[in-house]
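*Asks:* My questions all concern the structure below.
The values are calculated or read from the model by the stated rules, or taken from the named source; none is laboratory data. Values in this document were obtained by computation on a predicted structure and should not be read as measured data. Note: ideal-geometry Cβ built from the backbone for every residue, glycine included; neighbour counts use all protein chains shown.
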Amino acid sequence: MAQVTELIALRRSRPHTKGDCIVHISVTVNGTTHESDVEPRTLLVHYVREQLGLTGTNVGCDTSSCGACTLHLNGEAVKSCTVLAVQADGQHVATIESLEVDGVMHPMQTAFMENHGLQCGFCTPGMVMASISLLNENPNPTEEQVRLGLEGNLCRCTGYHNIVKSVLACASAATVSGSK
């Protein structure tokens, strides 16, 4: 965490040179509009973590292979290491931090906790965001559909059994309660 804080301070203190290109963007993140100046090459994952301080979205691979950086852009799950911050200008972003409301976890977070769908926790924010998107598209998936829907998100600890179990439990609870 100290390294992230130091990096943020370094980037904010670095003076812009004559050749720097800076773009002004306006992005609504977790319901709050943020006006920021960014370099055009800044990835959305770095913007969210370093400029906004929302560190729940993780950087795992920087190659779109692992899904640790998954968040929602206009309601769709995206790997934020593949999106430039300037592409999010005028858009709505939701990070893992947006899920808890008034101290109450999102049903998917509760399902992950109750079904042991996490171990080290590094992939969990991206896995939860991808799982929510999956259920938004298919509220009552089969086990095979969950496995296929999450194939772009890697977990190095659990072997996926409890992650799949968590998603199915959340879907079942939503079906039972009548909410989809």
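*Asks:* With the checklist (1) more than 18 Å from C61 (Cβ to Cβ); (2) hydrophobic (A, V, I, L, M, F, W, C); (3) assigned to a loop (DSSP other than H, G, I, E, B) in hand, flag the one item C170 doesn't pass.
*Replies:* (3)
*Asks:* I would also like to ask the following. In segment 140-156, which residues are surrounded by 13 or more Cβ atoms within 10 Å (Cβ to Cβ) and part of a loop (DSSP other than H, G, I, E, B)?
*Replies:* P141, L150, G152, N153, L154, C155
*Asks:* Shifting gears a bit: Which is touching an Asp or Glu at 6+ places or on another chain (Cβ under 6 Å) and not assigned by TED's automatic domain parsing to the domain that holds N162, of G90, G56, G67?
*Replies:* None of the others qualify; the one that does is G56.
*Asks:* With respect to V128, is the statement that it is free of Cβ contacts under 8 Å to residues at least 40 places away in the same chain, over 30 Å from D37 (Cβ atoms), of a type outside the set (S, T, Y) and surrounded by 22 or more Cβ atoms within 10 Å (Cβ to Cβ) true?
*Replies:* yes
*Asks:* Taking segment 23-57 only, how many residues are of a type in the set (V, I, T) and either part of a helix (DSSP H, G or I) or at pLDDT below 95 (or both)?
*Replies:* 2
*Asks:* Next question, about the same structure. Condition test on G60, is it under 12 Å from the mean Cα position of the chain (by Cα), assigned to a helix (DSSP H, G or I) and either on the phi < 0 side of the Ramachandran plot or not small (G, A, S) (or both)?
*Replies:* No.
*Asks:* Hey, can you tell me all the residues within segment 94-112 that are without any contact (Cβ under 8 Å) to a residue 12 or more places away in the chain and part of a loop (DSSP other than H, G, I, E, B)?
*Replies:* Once the filter is applied, which keeps residues that are without any contact (Cβ under 8 Å) to a residue 12 or more places away in the chain and part of a loop (DSSP other than H, G, I, E, B), segment 94-112 yields E100, D102, G103, M105.
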